[in-house]
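Shown below is the structure under consideration.
The values are calculated or read from the model by the stated rules, or taken from the named source; none is laboratory data. Remember, it's a predicted structure, so these values are computed and weren't measured experimentally. Using ideal geometry, Cβ is built from the backbone for each residue, glycine included, and neighbour counts are taken over all protein chains shown. Calculation scope for accessible area: heavy atoms of the full protein, side chains included, ligands and nucleic acids excluded. Shrake-Rupley method; radii C 1.70, N 1.55, O 1.52, S 1.80 Å.
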Amino acid sequence: MKNNIKFAFFGSSRFSVIILDELERAGYTPACIITTPDKPKGRKLVMTPTPVKDWAIAKNVRVLDPAKLDADFVKILNSESWDLFIVASYGKIIPAGIIDIPKHKTLNVHPSLLPKYRGASPLQSAMLDDAKQTGVTIMSIDEKMDHGPIVAQEHVTISEWPIYEDFEEMMAKKGGALLAKVIPE
């Protein structure tokens, strides 16, 4: 916890892991990871954790993977004092009762220049639209999807489209680096 900032990170995907790696490189490690529950995967439907849960276990960071963001889960979060929550590709809408828990509320990393490309597939939408002027947004979220005051944005110009995984990695790294700059503020 750099600068004694105690934060929880809500995420589930590879995009989230890349942001966590960028935060760690900048000296920020979450006190807790909140991710979605393990899901059956593959032909044999083996219960498989999210990439974020794997990251947390490897880094010895506490993990919570609630099936529902209900009153019982809110009690768990309220049992501690939090400075900040960070959300990046979590996969669930977070209710206001959770967003408002930390002293400095909740920030979201979104891989588009909001308000453009709201929703769950902003990277795919930018590629399909051939939107060579894109970027990442850090915003203070409210209970609506991809909504709330914009805290910071960084523009990215794409000259030639890479494969999706490379584009995702580039945007996550930009988002993580921008988030690391924003956190102290």
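Among 118, 25, what's the order by accessible area (1.4 angstrom probe), most exposed first?
Ranked from most to least accessible, the order is 25, 118.
Modelled label-to-label distance, residue 54 and residue 125, 7 Å Cα→beta-carbon offset: nm?
2.8
While we're on this one: Please report the net charge: other residues with Cβ closer than 15 Å to the Cβ of residue 75, K and R +1, D and E -1.
Counting the neighbours of residue 75, the net charge comes to -3.
Give, rounded to the nearest 20 debye, the magnitude of the charge dipole that the chain has about its Cα centre when Lys and Arg contribute +1 at Cβ and Asp and Glu contribute -1 at Cβ.
400
Order these peptides, 79-86, 171-178, 125-132, 153-160, by their mean beta-carbon neighbour count within 10 angstrom, highest first.
Averaged packing, sorted descending, gives the order 171-178, 79-86, 125-132, 153-160.
Label points 7 Å out from Cα along the Cβ direction at residue 103 and residue 44: separation in nm?
Distance between label points: 4.9 nm.
Normalising by the residue count of region 29-185, find the relative contact order in percent from Cα pairs under 8 Å and 6+ residues apart.
Value for region 29-185: 16 percent.
What percent antiparallel are the DSSP beta bridges of the chain, to the nearest 5?
50
Per 0.36 nm of contour for each residue apart, how much would the distance between residue 29 and residue 71 grow if the chain were fully extended, relative to their Cα-Cα spacing?
Length gained, residue 29 through residue 71: 12.5 nm.
Select from 9, 138, 79 the residue farthest towards the positive end of the dipole of the chain; place +1 on Cβ of Lys and Arg, -1 on Cβ of Asp and Glu, and compute about the Cα centre.
Final value for the positive-end residue is 79.
A further question follows. Residue 133 to residue 150: extension gain in nm, 0.36 nm per residue of separation minus the Cα-Cα distance?
4.3 nm
Determine the sum of side-chain charges near residue 8: Lys and Arg each +1, Asp and Glu each -1, restricted to other residues whose C-beta is under 11 angstrom from that of residue 8.
Taking every Cβ under 11 Å from that of residue 8, the sum is 0.
For Rg and Dmax of the Cα atoms in Å, pick the label among (i) 17.4, 53; (ii) 19.8, 64; (iii) 16.0, 48 that corresponds to the value derived from the coordinates.
(iii)
Determine the per residue accessible area of the chain with all protein chains present and a 1.4 angstrom probe, expressed in square angstrom.
51
Count charges around residue 60 for me, please; just the other residues with Cβ under 15 Å from its Cβ, Lys/Arg as +1, Asp/Glu as -1.
+1
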